[in-house]
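Just below is one structure, and these are the notes that go with it.
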Amino acid sequence: MDPLPAHLLPATAEVGPAGQLVVGGCDTIELAAEFGTPLFVYDEAHLRRRCAEAVDAFGPGVNYATKAFLCRAMARLATEAGMNLDVSTGGEYAVARAAGVTPDRLVLHGNNKSVDELRLALSEGVGRVVVDSFDELDRIVALVDAGEAADTPELYVRITPGVEAHTHEFIRTGQDDSKFGFGVASGDAERAIDAIGEHPGLELVGLHCHIGSQVFEASFFEMAIDVIAPFFHRYELPELSIGGGLGVAYVAGETAPTITEWAEAVHRACEKAAIRAWVTAEPGRAIVADAAVTLYTVGTIKDLPGIRTYVSVDGGMSDNPRPVLYGSGYETFLARSVTADRPRTVTVVGKHCESGDLIVREGGVPADLAVGDVLATPVTGAYGHSMGSNYNKVPRPAVVFVADGDARLVVRRETVDDLLLTDVG
């Protein structure tokens with residue numbers, strides 16, 4: 001294989017004097033030695049640039065989708081850049097609040113919000129609640145009628161437009177058969193809008209629409225806008241959130257629209273559909289995915305002549321479950337020789353007791369790969385840390401932000417003591 005394409009690396013990535021990968025002015029080999037592996041390394045300048053691009057494209061208050069990657073440092077960085085935060089659970093809400101984010105800058109999502117989650121958010125004056133079902137609407141009404149909301153709740157209705165984006169079935173959300181939102185074809189969307197409008201203690205401020213994740217074609221967003229346009233014409237709603245889902249390139253040969261190009265396509269579609277509302281969005285993956293690389297240490301190389309070569313590293317499906325869940329593809333390279341040719345085809349696997357514990361099914365590495373090498377996978381800033389687990393009781397990796405030659409630990413590595421902390425039996 002050819003050397004790793006440079007566009008898959010973080011914005012400040014460069015080649016050091018010995019051929020090693022340097023990000024944010026920090027030598028990744030030295031980072032691995034200092035902080036251990038597996039290690040998520042995030043380019044802070046890259047994160048700030050992407051947040052700024054989103055604000056320029058959609059305006060201040062565009063929402064960062066925290067499900068992609070969230071810690072207190074990320075919450076502060078996004079809000080300092082002018083973004084609000086989209087949170088979908090009480091846990092995400094708590095992390096955002098612990099980072100000092102005020103409730104008015106949070107949008108509460110989720111298809112099964114509990115009474116406790118809603119009570120906390122409404123009592124603190126959350127910025128928006130995206131209503132996802134009639135049962136949830138009943139819970140909101142009960143809390144409002146009981147006087148447990150600090151202010152009149154400002155609500156979005158999540159619309160399921162019946163648009164099936166061409167992506168993995170597990171991350172399609174806009175089709176009629178979905179656990180999310182109110183269907184247009186069934187008439188549920190209209191009934192939900194009318195129900196909110198009839199209650200004096202609720203304020204409907206807009207509609208929300210999300211068609212799926214890892215979507216590369218703007219035409220799917222345009223189709224969704226065409227479906228929901230009549231609601232804006234009929235109800236004269238002031239806001240529209242087109243959700244998130246913009247795809248990113250993970251492997252050589254893939255390309256994806258920029259946030260700016262995505263926004264331009266959405267705005268053109270809204271103009272064509274005569275939607276006069278303020279249009280916002282929820283980029284997550286597009287903000288953080290290619291801002292990070294994951295560093296691993298090679299522990300075992302198992303060559304099966306005529307079959308394949310397995311390269312086992314000290315992480316796996318517990319820090320990147322996407323290949324197992326979705327069959328997602330990733331590239332791999334050695335941190336010590338980032339621009340080297342990669343003639344040796346290997347299968348990078350984790351340390352878990354699963355044959356399916358794959359990180360890279362067919363990756364390229366230099367011919368002199370050896371035990372102890374620091375192996376890197378790029379574009380791991382989204383849904384690695386956030387979807388991680390403790391399977392096989394493996395502690396979760398640390399996370400560092402790098403900028404201007406300095407590395408700061410923002411999430412420490414878990415320990416065995418952490419694993420035992422909640423085990424009270």
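Projecting the Cα atoms of Cys209, Thr255, Ile275 onto the dipole axis of segment 198-329, where Lys and Arg carry +1 and Asp and Glu carry -1 at the beta carbon, places Thr255 farthest toward the positive end.
Could you give the dipole magnitude of the chain about its Cα centre, charging the beta-carbon of Lys and Arg +1 and that of Asp and Glu -1, in debye to the nearest 20? Mind dumping the intermediate values first?
Values: 34 positive and 60 negative charges, 150 e Å.
I would put it at about 720 debye.
Each peptide in 51-62, 285-296 was scored by the mean count of other Cβ atoms within 10 Å over its residues; highest first, the order is 285-296, 51-62.
GNM remark for the chain: springs join alpha carbons under 10 Å apart, and the peak mean-square fluctuation among Cys353, Cys71, Cys270 falls on Cys353. Summary of packing: across the peptides 104-116, 185-197, the per-residue average of other C-beta atoms within 10 Å ranks them, highest first, as 104-116, 185-197. Coupling constants for segment 87-93 follow from the phi torsions by the Karplus curve (6.51 cos²θ - 1.76 cosθ + 1.60, θ = phi - 60°), and in residue order they are 10, 10, 8, x, x, 5, 4 Hz; glycine and proline get x. Of all DSSP bridge pairs formed entirely within segment 44-288, close to 5 percent run antiparallel.
Per DSSP helix of 4 or more residues, -39500 (n - 2.57); summed, then divided by the residues of the chain. What does that give at 222 nm, rounded to the nearest 500?
Details: 12 runs with 121 residues, N = 425.
My calculation for the chain gives -8500 deg cm²/dmol from helical runs alone.
For the chain, DSSP calls about 50 percent of its internal beta bridges antiparallel.
For the options Val95, Val157, Val130, a Gaussian network treatment of the chain with springs between C-alpha atoms closer than 10 Å singles out Val95 as fluctuating the most. For Lys351, a cut-off of 13 angstrom between C-alpha atoms picks up these aspartates and glutamates, skipping any fewer than 8 places away in its own chain: Asp314, Asp319.
Sorting 72-84, 218-230, 202-214 by their mean Cβ neighbour count within 10 Å, with the most densely packed peptide first, gives 202-214, 72-84, 218-230.
This structure gives mean projected area of the Cα convex hull in nm², computed directly, and of [x] 28.2; [y] 21.4; [z] 36.8 that value is listed as [y].
Computed from the coordinates by the stated procedures, all read-outs in this text should not be read as laboratory data. Computed from a predicted structure; not experimentally measured. Cβ sites come from the backbone with ideal geometry, for glycine too, and all protein chains shown count toward neighbours.
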